[in-house]
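A short write-up of the structure that comes next.
The values are calculated or read from the model by the stated rules, or taken from the named source; none is laboratory data. Keep in mind the model is a prediction, meaning the values are calculated, not measured. Cβ placement follows ideal geometry from the backbone for every residue including glycine, while neighbour counts extend to all protein chains displayed. Surface accessibility is based on the protein's heavy atoms, side chains included, excluding ligands, DNA and RNA. Shrake-Rupley method; radii C 1.70, N 1.55, O 1.52, S 1.80 Å.
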Amino acid sequence: MGKLRAAQYACSLLGHALQRHGASPELQKQIRQLEGHLSLGRKLLRLGNSADALESAKRAVHLSDVVLRFCITVSHLNRALYFACDNVLWAGKSGLAPRVDQEKWAQRSFRYYLFSLIMNLSRDAYEIRLLMEQESSACSRRLKGSGGGIPGGIETGGLGGPGTPGGGLPQLALKLRLQVLLLARVLRGHPPLLLDVVRNACDLFIPLDKLGLWRCGPGIVGLCGLVSSILSILTLICPWLRLKP
């Protein structure tokens, strides 16, 4: 499935490149047809994914963390609806239901896809915040134990409030820099979370473009879809890179 998705978005990116470089209309048409066949093949292979997404939502309901429970459950429910709309689109494109309004169902499908990605990114942001708080607390404990200075510029405590002498923009810039360094350390130490953030961020451009909320163009959509697909394949090859739960 991941390979088909990667091939589909590679065709999208290739078609955009050929168009920009003035390739023959016949070659561009062949690439578009290949992309369409790959898309239809993916829809066929995803006929049972709605049930899988519902099962995942049922399992997520039992998570102890209320924020993770909400984000993951709602994400899977939206994925189930997205796949259901995708099944209707497949029936229409394959000729089983020729009267299906392709545009209407495609818009519904991408709306559910967008909501699912928003929930995924919200979950990522929540986990990042928790890890940053843990890392900051650990740095504070190490400082108190050693009596030293800021280790690698990560410690964020004690940077002075509005009444601290020398405050203002320099202090704000320092706080921002330390937060960025802390974020980099957290993501570097948690590759599954980093990959999930990048993959969801790349996927986000696809429904935004298809729904007309942010026109990115076929080149950006193709590139983002290809990167996301490669990362998905990577998590299949290396299961430890998959974010849990």
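Note that the range 5-117 shows a convex hull volume over its alpha carbon atoms of 118 Å³ per residue.
With all protein chains in place and a 1.4 Å probe, the accessible surface of the chain carries 64 percent carbon and sulfur. What you get for the range 35-151, charging only the Cβ of Lys and Arg (+1) and of Asp and Glu (-1), is a dipole of about 100 debye around the Cα centre. Against the criterion of solvent-accessible heavy-atom surface with a 1.4 angstrom probe, Phe110, Phe83 sort, most first, into Phe110, Phe83. Peptides 43-53, 71-81 ranked from most to least packed, by the mean per-residue count of other Cβ atoms within 10 Å: 71-81, 43-53. Under the convention that each Lys and Arg Cβ holds +1 and each Asp and Glu Cβ holds -1, the size of the dipole of the range 74-143 around its Cα centre is about 80 debye. If I model a spin label at Gln134 and Ala184 as a point 7 Å from the Cα along the Cα→Cβ vector, what separation in nanometres do I get? Once both label points are built, they end up 2.2 nm from each other.
Pop the C-beta distance of Arg215 and Ala125 into the FRET formula with R0 = 41 Å and round what comes out to the nearest 0.05.
Working: r = 25 Å, r/R0 = 0.62.
Efficiency, from the Cβ-Cβ distance: 0.95.
Computed from phi, the 3J(HN,Hα) profile of the range 19-31 under the Karplus parametrisation 6.51, -1.76, 1.60 (θ = phi - 60°) reads 5, 5, 9, x, 5, 5, x, 5, 5, 4, 5, 5, 5 Hz, with x in place of Gly and Pro. In the chain, the alpha-carbon atoms span a convex hull of 176 Å³ per residue.
Against the main long axis of the alpha-carbon atoms of the chain, helix 66-93 sits at an angle near 20°. Strictly under 4.7 angstrom between C-beta atoms: which cysteines of the chain have no such partner? Taking the Cβ cut-off of 4.7 Å, the unpaired cysteines of the chain are Cys11, Cys71, Cys85, Cys139, Cys216, Cys238. For the chain, the per residue solvent-accessible surface stands at 57 Å², with DNA, RNA and ligands left out and a 1.4 Å probe. Projecting the Cα atoms of Pro218, Gly41, Leu187 onto the charge dipole of the chain, computed from C-beta unit charges around the Cα centre, puts Gly41 farthest toward the positive end.
A Cα-only calculation for the range 1-40 places Rg and Dmax at 10.1, 32 Å. Once both labels are positioned 7 Å from their Cα atoms along Cα-to-Cβ, the gap between Leu27 and Leu44 label points is 2.9 nm. The residue among Ala7, Ser136, Leu208 whose Cα reaches farthest toward the positive pole of the charge dipole of the chain, with charges on the beta-carbon of Lys, Arg, Asp and Glu, is Ala7.
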